[in-house]
Amino acid sequence: MPRGSTVVAGGSTTLLLILLAKAAAKGSWAAVVGLPNLGLLAASEVGVALHRLALVPDPRAELATVAAALLDGIDLVVVAADRLVRDGARGQAMARD
C-alpha cells in the first residue's frame, strides 16, 4: 500500500488486522483511532507489533483532530470511518494528505 493512500476495509476486522500486520512486518508504526473494541490478542496473533501500535479508543469529539495529528507522524493510521462520517469530520482528516 503506497504511503498517503486511503483504503476502506469496512466490516472486516480480520482484513484490518492483516493490513496492520503487513505494515508492522515492514517496521512501520501504526495507530488505531475510534475502535475501542479492537482485540489486541487477535492483533498480536496475526502479527501486529503491539509495541509499534498507538491506540486512541475513544477520541470523542476530537476524532478528526486526533487522526490529523497522528497522520503527521505515523505510517499507518486507521480511523473508524463510520464515526468520521457521522461526526462530519471526514473531509478534515482526508485534507491532511
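The values are calculated or read from the model by the stated rules, or taken from the named source; none is laboratory data. Remember, it's a predicted structure, so these values are computed and weren't measured experimentally. When we count neighbours, we look across all protein chains shown, and the Cβ atoms used for this are built from the backbone with ideal geometry, even at glycine.
Observations on the structure shown:
- Selection count, the stretch 59-83, where residues are part of a loop (DSSP other than H, G, I, E, B), touching a strand residue (DSSP E or B) at 6+ places or on another chain (Cβ under 9 Å) and of a type outside the set (Gly, Ala, Ser): 3
- Residues (out of contact with any Leu (no Cβ under 7 Å at 6 or more places or on another chain) and part of a helix (DSSP H, G or I)) located in the stretch 38-56: 41, 45, 51, 52
- Filter result for the condition that a residue is in contact (Cβ under 8 Å) with a residue 40 or more places away in the chain and of a type outside the set (Val, Ile, Thr), over 40, 16, 55, 71: 16
- Just one of the listed residues (53, 38) is under 18 Å from residue 7 (Cβ atoms) and at pLDDT 95 or above, and it is 53.
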